Amino acid sequence: MFNIDEIKENLKTSQIGKRIFLLDNIDSTNLESLRLINSSNAKFGDLIIAKTQSSGKGQQDNVWNSPEGGLYLSIITVSKISELSNLITFTAGIACTEAIKSAAQINVNLKWVNDIIYKRNKLGGILTQSVTRGNLSTNIIGIGINANTKNLNINNNKYNVASLLEITGNKININLLAAEICNYFEKYFKIYQQNPDEITAKWLEYSNIKECKIYFTLEGIRFSGTIEGINKSGHLIVKADEKAYTLISSRNVEIIYN
Ligand code: BTN
């Protein structure tokens, strides 16, 4: 059960989650954030949570199935536009990994670009959207985690899905999870702004992708290669046929996890 007071009791932040909008149902917390921004009523750190979403958005125009029991939230931040903007999604991924460890006591992995996985099953995802004005970008960091949901695989034939409830056998405290995401996001957002290399290093540590095999298609040609790492902007560096390639999108990319 969502409870704003319990979220607040667990918050240790100075900015993130200081204003919480808890909604029973909304089309998408990212869209609601966008409306808040467009009406000039958004503040840095706003947290928008919905118990269900009727039109949840995933990456690459996918639908994000959002029944009751899941955690669907968006955080609003502002940052300078930079070639490092992709790292905001990585920052959120790191925050989710540590928040899940704290609230559900399990170790999850991050999958490039923005999936949260447990043993090859998708547990959550991040969809970051931005509104730019001048040299500033207002970021909407949308996070969806299959928390206390069950049987999401029935509606999904693209990949295997898992929930924290199914993995641990226990209902997790969703208010604690939401608060911990804010706590860790605030911590790592500061690091993103001050020392972004620490974000790429931490993300690599949690992603476990170094030296994994990869298949990718560029200009209609299919390559098979090995992952070398990510660059400072979060792009994937791969080696195929003795050459280095930089991949900026996960479209047409298949990573084979060890
Ligand atoms: C993905 O496809 O992996 C990204 C999923 C992101 C889903 C979250 S749920 C909260 C926020 N609102 C949305 O409509 N999408 C994001």
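For the reader, a short list of remarks on this structure follows.
- Rounded Å value of the spacing that divides the Cα centres of the stretch 194-210 and the stretch 28-45: 29 Å
- Cα shape, the stretch 4-206, gyration tensor, a/c 1.5 rule: rounded
- Note on the stretch 87-140 and the stretch 146-193: Cα centroid distance 10 Å, given to the nearest whole angstrom.
- Sequentially through the stretch 68-78, phi angles give Karplus couplings (6.51, -1.76, 1.60; θ = phi - 60°) of 4, x, x, 10, 10, 9, 10, 10, 9, 9, 10 Hz, Gly and Pro residues having no value and appearing as x.
- Value at 222 nm in deg cm²/dmol, rounded to 500, when DSSP H runs of n ≥ 4 in the chain each add -39,500 (n - 2.57): -9000 deg cm²/dmol
- Loop-located GluC sites (Glu not before Pro) across the stretch 161-221 with a Cβ neighbour count of 16 or fewer within 10 Å are Glu211, Glu219, with loop assigned by DSSP.
- Electrostatic dipole magnitude of the stretch 145-206 [Cβ: Lys, Arg +1; Asp, Glu -1; Cα centre; debye, to 20]: 240 debye
- Only protein heavy atoms count here; under a 1.4 Å probe, Thr97 has an accessible surface of about 10 Å².
- Within-15-Å neighbourhood charge of Thr29 [Cβ basis; K, R +1; D, E -1]: -1
- All other residues whose Cβ lies under 13 angstrom from that of Asn3 are scored, Lys and Arg at +1 and Asp and Glu at -1, for a net of -1.
- Calculated from backbone phi, Karplus (6.51, -1.76, 1.60) coupling profile of the stretch 135-151 in Hz, x at Gly/Pro: 9, 10, 10, 8, 9, 10, 9, x, 10, x, 10, 6, 8, 9, 9, 9, 6
- Per-residue Karplus couplings for the stretch 122-127, computed as 6.51 cos²θ - 1.76 cosθ + 1.60 with θ equal to phi - 60°, are listed in order as 7, 10, x, x, 10, 10 Hz, Gly and Pro entered as x.
- Nearby aspartates and glutamates by direct alpha-carbon distance to Lys239 (threshold 17 angstrom, same-chain neighbours under 8 apart not counted): Glu211, Glu219, Glu228, Glu254
- Shape call, the stretch 1-99: gyration tensor on alpha carbons, a/c limit 1.5: rounded
- Under-5 Å amide H pairs with Gly229, H placed in peptide plane, nonlocal only: Ile237
- Number of Lys pairs (Cα under 20 Å; 8 or more positions apart or on different chains) in the stretch 1-70: 6
- For the stretch 158-204, the set of chymotrypsin sites (Phe, Trp or Tyr not before Pro) satisfying both a DSSP loop assignment and a count of at most 13 other C-beta atoms within 10 Å is given as Tyr159.
- The chain, relative contact order in percent, only Cα pairs under 8 angstrom and at least six apart counted: 18 percent
- Taking 26 Å as the limit for the C-alpha separation, the pairs Lys122/Lys213; Lys158/Lys210; Lys158/Lys243; Lys119/Lys150 exceed it in the case of Lys158/Lys243.
- Charge context of Val63, other residues only, Cβ under 15 angstrom, K/R +1, D/E -1: +1
- Hydrophobic, long helices, defined as DSSP H runs whose alpha-carbon span along the helix axis is 18 Å or greater and whose mean Kyte-Doolittle value is at least -0.5, occur in the chain at 87-104, 174-194.
The values are calculated or read from the model by the stated rules, or taken from the named source; none is laboratory data. Keep in mind that this is a model prediction, so the values were computed, not measured. Cβ coordinates were reconstructed from backbone atoms using ideal geometry, including for glycine residues, and neighbour counts include every protein chain displayed. In case anyone asks, the SASA skips ligands and DNA or RNA and just uses the protein heavy atoms, side chains included. Shrake-Rupley method; radii C 1.70, N 1.55, O 1.52, S 1.80 Å.
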